[in-house]
Amino acid sequence: MQVIKRSGQMVDYDPMKIKIAIGKANDEVKPKERATKEEINSILSYIEGLGRKRLLVEDIQDIIEEQLMTQGHYDLAKKYIIYRYNRALIRKANTTDETIMTLIKNSNKEVMEENSNKNATAASTQRDLIAGEVSRDLTRRLLLPEKISKAHDEGVLHFHDADYFIQPIFNCCLINIGDMLDNGTVMNGKLIESPKSFQVACTVTTQIIAAVACSQYGGQSVDIRHLGKYLRISKEKFERQIRQTEPNMDEKTVKELVAMRLKDELASGVQTIQYQINTLFTTNGQSPFVTLFLYLDKDDPYLEENAMIIEEILKQRLQGIKNEKGVYVTPAFPKLVYVLDEFNCLKGGKYDYITRLAVKCSAKRMYPDYISAKKMRENYEGNVFSPMGCRSFLAPWKDENGNYKFEGRFNQGVVSINLPQIGIIADGDEEKFWKLFDERLELCFEALMCRHNALKGVKSDVSPIHWQYGAIARLGKGEKIDKLLYGGYSSISLGYIGLYELTKLMKGVSHTDSVGEEFAMRVMKYMRKKTDEWKERTNIGFALYGTPAESLCYRFARIDKERFGTIPDVTDKGYYTNSYHVDVREKIDAFSKFKFEAQFQPISSGGCISYVEIPNLTNNLEAVEEVVKYIYDNIQYAEFNTKSDYCHVCGYDGEIIINEDNEWECPQCHNKDHRKMNVTRRTCGYLGENFWNVGKTKEIKARVLHL
């Protein structure tokens, strides 16, 4: 028999531990109240006679109390209860010491490799990691209700970003970059006025991104459209200067000189954004998790300038950035999201040439992702806007003048529900499933309200760049942010993992099967209904979020496998399928996958992205273009994956091997530092970075391969 500890760890049943615990309680009562050896053995026989392969430690303790009272040992049972209580207090004691020491000694691989943008050996980054461990500990022991902490530990739900919960900061946002550039802002007590050139606007934008990233834990998104104005300002400035210095120069030569200087200004400005984002570090020891939104809006007065900017961004991303060896590599940031509209959807439009450049960039550098303006307008009241850095979407919101507003809004936080675990427990019984589903959704609601309540009463002074100087708002000093937490101005998200596995458990088929699809749609609509009800009940912007965290797919699966054992096509894979996605092992073509998953995106309006894998992207540009056309007409938000390993040391663009020592190794330069290589084989659908497993020095475990 296996015993499941509170941490989720599975250990062998040890009857001696029970004997010791009852013995300690025996010592606290009078001799006549003590349990005899025979009675203790009787309790052990009862537990062992249940014939269970696994038991929760708390279930065992409940059985011991019941058996002691059945034997008439009421005082002893009371002492045993006190013993359990004291043990619980010990568990609530500070648990950070050992974790922090392993960080300092660079031996805590799980924490060190959790974020690919953090160099965990650097002293500055360790300060943030240490603070994160303290935050997790205080959150678990003191800040969350015990039932929420317990539910998190048992994989019922996931309370995201507990390592930042003790601070009054939020998840992700759309920076109101237009307001900050046009009206100025303040950073570190210094006034930053509206830029007078494109180059300066790019520099100020990266400074704003860095300042914003320092005071929140999620990603930021910037709409590039706001830079078009400043490219025109530079163009007009160059023309004035040339005409002033050479008043007799002919018009053709003036235009040629202006175009030449503007081309240099454009390249330098975009390079500033790319290099600054990839070289600066925020106060949490990592590069900003920033997304650039590339949207050609037909009503934009600076449309031509923005077409030039987007083209240059894609060109520079296609080229890459040189590493320490002088080799061009793919930068992790900024993420790029490119919008497909009627004039750039590869159907003979004016800006199709930019989309073809985007396709080449996707083939070589895995970005940009794609948004269909056509489908997004259908889903969001005619609006097209950027996802936040964490790929979540806001709901439409109008200001006091009736105008839609998206920039300057944010997400309060995320809690995700483990759908397969409910299916495992329900064991095909729908009545039992819906009852348990309801209970766990309410638990998620309580957890989300903990996130919301943690932000209530926060004053704008905690992050002036956000609340006072335009990134989110322009509140007064000392003013509370509460009004921005209500009315749907900000969102708060319910994430979900494993719709595919849940459907397999409840219906015996995939959700791509007609029977499974009907059930999966009911589940999706029910979660959406719940978030809508919560929004109505609280006046808070609850949203259903389809892409909370790829790594969570592995955490939930690991916990459930330890607790419930190996279940075919569920826990045996080592991962759960993210949100509503089709399992990667299903035989399905790219078009069918997008068509199927598209129906879930409007329901999961708080966050939705779908992906397909196309082998050898660089050699299949025509195929990629066909899929891009299909995206425009059929699905709101999508991306490409491919089998394309990459070494950042030497630039090798081929398959990374596993050597005789069971380590990843570049076959060209023999680099073995996995942090300097990408292994992007999408065998199991994982979208994140690789990580080392814990406890084995030689074995490197890549979640993308679910080894």
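Data overview
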| item | result |
| --- | --- |
| Matching residues, the range 335-344, being farther than 15 Å from Ser362 by Cβ and in contact with a helix residue (DSSP H, G or I) (Cβ under 6 Å, 6 or more places away or on another chain) | Asp341 |
| Residue in the range 423-443 that is surrounded by the fewest Cβ atoms within 10 Å (Cβ to Cβ), counting only those that are touching a Gly at 6+ places or on another chain (Cβ under 9 Å) and assigned to a helix (DSSP H, G or I) | Phe433 |
| Pairs with Cβ under 7 Å, 6+ apart, first in the range 179-191 and within 24 Å of Arg232 (Cβ to Cβ), second open to solvent by 70 Å² or more (accessible area, probe 1.4 Å) | Gly184/Leu191; Gly184/Glu193 |
| Enumeration of residues in the range 456-514 that are of a type in the set (Ser, Thr, Tyr), under 27 Å from Gly546 (Cα atoms) and not in a loop (DSSP other than H, G, I, E, B) | Ser491, Ser493, Tyr496, Tyr500, Thr503, Ser514 |
| Test: Tyr554 is in contact with a Phe, Trp or Tyr (Cβ under 7 Å, 6 or more places away or on another chain), of a type in the set (Phe, Trp, Tyr) and assigned to a helix (DSSP H, G or I) | yes |
| Test set (1) over 21 Å from Arg409 (Cβ atoms); (2) under 24 Å from the mean Cα position of the chain (by Cα) - Ile492 fails condition number | (1) |
| Test: residue in the range 203-210 that is open to solvent by less than 50 Å² (accessible area, probe 1.4 Å), outside any helix (DSSP H, G or I), in contact (Cβ under 8 Å) with a residue 24 or more places away in the chain and not basic (Lys, Arg) | no |
| Scope the range 228-285; condition among the hydrophobic types (A, V, I, L, M, F, W, C) and surrounded by 17 or more Cβ atoms within 10 Å (Cβ to Cβ); matching residues | Leu231, Ile233, Phe238, Ile242, Val258, Leu262, Leu266, Val270, Ile273, Ile277, Phe281 |
| Residues (under 26 Å from the mean Cα position of the chain (by Cα), under 21 Å from Asp161 (Cα atoms) and either open to solvent by less than 70 Å² (accessible area, probe 1.4 Å) or among the aliphatic types (A, V, I, L, M) (or both)) located in the range 447-471 | Ala447, Leu448, Met449, Cys450, Arg451, His452, Ala454, Leu455, Val458, Val462, Ser463, His466 |
| The range 228-252 - residue that is among the hydroxyl-bearing types (Ser, Thr, Tyr) and at pLDDT 95 or above and, of those, farthest from Ile310 (Cα to Cα) | Ser234 |
| Flag if Asp438 is over 17 Å from Ile492 (Cα atoms) and modelled with pLDDT under 95 | no |
| Evaluation of Ala363 against (1) among the small types (Gly, Ala, Ser); (2) within 24 Å of Phe289 (Cα to Cα); (3) modelled with pLDDT of 90 or more (one fails), failing number | (3) |
| Every pair of residues 6+ apart whose Cβ atoms lie under 9 Å, when the first sits in the range 55-71 and is outside any helix (DSSP H, G or I) while the second is open to solvent by less than 30 Å² (accessible area, probe 1.4 Å) and not aliphatic (A, V, I, L, M) | none |
| When residues of the range 575-595 are limited to those that are out of contact with any helix residue (DSSP H, G or I) (no Cβ under 6 Å at 6 or more places or on another chain) and within 20 Å of Ile422 (Cβ to Cβ), the one surrounded by the most Cβ atoms within 10 Å (Cβ to Cβ) | Ser579 |
| Members of the range 389-411 that are buried (at least 21 other Cβ atoms within 10 Å of the Cβ) and in a strand (DSSP E or B) | Ser392, Arg409, Phe410, Asn411 |
| Filter result for the condition that a residue is among the hydrophobic types (A, V, I, L, M, F, W, C) and under 24 Å from Ile208 (Cα atoms), over Leu292, Leu346, Leu340, Leu357 | Leu292 |
| Boolean, Glu378 is closer than 27 Å to Gly470 by Cβ and among the acidic types (Asp, Glu) | no |
| Lone qualifier among Val329, Val359, Val337 - being touching a residue at least 24 places away in the same chain (Cβ under 8 Å), open to solvent by less than 10 Å² (accessible area, probe 1.4 Å) and farther than 26 Å from Gly178 by Cβ | Val359 |
| Flag for Leu191 being in contact with a strand residue (DSSP E or B) (Cβ under 9 Å, 6 or more places away or on another chain) and open to solvent by 20 Å² or more (accessible area, probe 1.4 Å) | yes |
| All positions within the range 213-270 that are of a type in the set (Val, Ile, Thr), assigned to a helix (DSSP H, G or I) and in contact (Cβ under 8 Å) with a residue 24 or more places away in the chain | Ile224, Ile233, Val270 |
| Inter-residue pairs, beta-carbon under 8 Å, first touching a residue at least 12 places away in the same chain (Cβ under 8 Å) and farther than 17 Å from Leu544 by Cβ and in the range 376-397, second buried (at least 16 other Cβ atoms within 10 Å of the Cβ) and polar (S, T, N, Q), 6+ apart | Ser386/Ser221; Ser386/Thr291; Gly389/Gln220; Gly389/Ser221; Gly389/Thr291 |
| Enumeration of residues in the range 6-36 that are over 41 Å from the mean Cα position of the chain (by Cα) and either part of a loop (DSSP other than H, G, I, E, B) or modelled with pLDDT of 90 or more (or both) | Asp27, Glu28, Val29, Lys30, Arg34, Ala35, Thr36 |
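The values are calculated or read from the model by the stated rules, or taken from the named source; none is laboratory data. Everything quoted here is computed from the prediction, not taken from an experiment. Positions of Cβ are generated from backbone atoms using ideal geometry, with glycine treated the same way; all protein chains shown enter the neighbour counts. Accessible surface is based on the protein model in full, side chains and every heavy atom, while ligands, DNA and RNA are left aside. Shrake-Rupley method; radii C 1.70, N 1.55, O 1.52, S 1.80 Å.
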